[in-house]
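Chemist: Below is one structure. I have some questions about it.
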Amino acid sequence: MTTACKGFLDEQFLQLEELQDDANPNFVEEVVTLYYRDSARLILNIEQALERNPLDFNKLDSLMHQFKGSSSSIGAKKVKAECTLFREYCRAGNGEGCIRTFQQLKKEYATLKKKLEAYFQLARQVGPAETACRPK
Amino acid sequence: MSIAADSKFHVLAVDDSLIDRKLIERLLKISSFQVTTVDSGSKALEFLGLHEDDQSNPEKPSVSPNNHQEVEVNLIITDYCMPGMSGYDLLKKIKESSSLRNIPVVIMSSENVPSRITRCLQEGAEEFFLKPVQLSDLNRLKPHMMKTKVKTQNQESNEIQLVEKSEIQSQLQQQQPQSPLSPTPPQQQQPPNNNKRKAMEEGLSPDRTRPRYNDITTVV
């Protein structure tokens, strides 16, 4: 399962695993579930904001700041990188760049979700210690 | 309930992000802190017993922070970027409050902006953590909380024991500068008799002692 970690998730995800223990066995999954919920809301809001004419770059930047924050908190490295790029386009007032980057972001996010779902399935079968990105 | 609470430091964590609140709560609990989380600066102030229209009254002596709080808070850790009241605004309000300004405040931010960090530290923040916050960051918190706890205990015990302490000191005939709260002027440090004791008690007027509290509360 280390391939799930490489590239998509960074050390922050390992930190989350470290915060999990027998008393809090579902901590990682709880955090990730919150992340899915938060992300779904943000993606919807960003989509709506991207449909406006003219684009409100401040609003877009603010939404993406939140998305970047939560992605960073769970270690979603690639999604976070797209958020950063998106914000650069916002600051440059480049609407096309924003839209393009957002499409890429959604792809990365979808891939991440699949990886995480596989991770949790495996964790349920063999136990989190075996699944952990870093051997305990 | 409050007895158990006394043995652990109590941290108030402020963050508008649900994920980050969950994370910081877990980090703090693992570090053996008692935790309360709120999602905004105004809720934090409410919890601390300070309402936004409250002005800190300079006439009013600042004694123990527990005057205004229902629960003792030993440290406040807050996100910088929040809608409405930012972490910086919250920091300012806390430092402007005579009842809260002794509580150490730590700022967290996902953005590494040197001018932001400087501004917060200048305003009185003890530390500035970059997000995502790590367990190792939290190890730096205990010393800041120890300072406050000791100070608070000193204030409380001094309040209660003021009279007794002065009596003991006069009996020991000490010249120690130890207790700055001792109101005994040099000439009274003689073998005690009832007259002297009375003089000392009379010396313990609020006017004399209160200013000393203020001295202590401003020492960091």
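Bear in mind these aren't lab numbers, they're just calculated from the coordinates by the rules spelled out. None of these values were measured; they are calculated from a predicted model. Here the Cβ is made from the backbone with ideal geometry for all residues, glycine too, and neighbour counts use every protein chain on show.
Chemist: Would you kindly derive the ³J(HN,Hα) couplings of segment B:124-130 from the backbone phi angles with the Karplus curve 6.51 cos²θ - 1.76 cosθ + 1.60 (θ = phi - 60°), listing them in order in whole Hz, with x for Gly and Pro?
Modeler: Each residue of segment B:124-130 in turn: x, 5, 7, 9, 10, 9, 8 Hz.
Chemist: Using DSSP to call loops (not H, G, I, E or B), can you name the trypsin sites (Lys or Arg not before Pro) in segment A:15-80 whose Cβ has at most 10 other Cβ atoms within 10 angstrom?
Modeler: Working: sites: A:Arg37, A:Arg41, A:Arg52, A:Lys59, A:Lys68, A:Lys77, A:Lys78, A:Lys80; in loops: A:Arg52.
The qualifying sites are A:Arg52.
Chemist: Please list, in chain and number order, the residues 5+ apart from B:Met108 or on another chain whose amide H is under 5 Å from its amide H, with Hs placed from the backbone.
Modeler: Close amide H contacts, sequence-distant or interchain: B:Thr78, B:Asp79, B:Tyr80, B:Phe129.
Chemist: For B:Leu75, enumerate residues with amide H under 5 Å from its amide H, sequence gap 5+ or separate chain, H modeled in the peptide plane.
Modeler: So B:Leu75 has HN proximity to B:His10, B:Leu12.
Chemist: Once R0 is set to 30 Å, what does the formula 1/(1 + (r/R0)^6) return for the Cβ-Cβ distance between A:Tyr36 and A:Gln125, expressed as a FRET efficiency to the nearest 0.05? Show your work: numbers first, answer last.
Modeler: Values: r = 21 Å, r/R0 = 0.70.
Plugging the Cβ-Cβ distance into 1/(1 + (r/R0)^6) gives 0.90.
Chemist: Rounded, prolate or oblate for chain A? Axes are the square roots of the Cα gyration tensor eigenvalues, ordered a ≥ b ≥ c, and the cut-off for rounded is a/c under 1.5. Can you show the working numbers first?
Modeler: Working: a/c = 2.68, a/b = 2.43, b/c = 1.10.
Here chain A falls in the prolate category.
Chemist: If you rank A:Thr101, B:Thr148, B:Thr118 by fewest surrounding Cβ atoms within 10 Å, what's the result?
Modeler: Values: A:Thr101 22, B:Thr148 19, B:Thr118 11.
Lowest to highest Cβ neighbour count: B:Thr118, B:Thr148, A:Thr101.
Chemist: Order by neighbour count: B:Ser136, A:Ser39, fewest other Cβ atoms within 10 Å first, most last.
Modeler: Numbers: B:Ser136 7, A:Ser39 23.
Ascending number of Cβ neighbours within 10 Å: B:Ser136, A:Ser39.
Chemist: Long-range amide H contacts for B:Val35: which residues qualify at under 5 Å (H placed 1.01 Å from N, peptide plane, sequence gap of 5 or more or a different chain)?
Modeler: Amide H to amide H, under 5 Å and 5 or more residues apart or across chains, B:Val35 pairs with B:Val11.
Chemist: Once phi is turned into θ = phi - 60°, what whole-Hz ³J(HN,Hα) does the Karplus curve with 6.51, -1.76 and 1.60 give for every residue of segment B:101-107, x standing for Gly and Pro?
Modeler: 5, 7, 6, x, 10, 10, 9
Chemist: Karplus couplings for segment B:132-139 from phi (6.51 cos²θ - 1.76 cosθ + 1.60, θ = phi - 60°), rounded to Hz, Gly and Pro as x?
Modeler: x, 5, 9, 4, 4, 4, 5, 4
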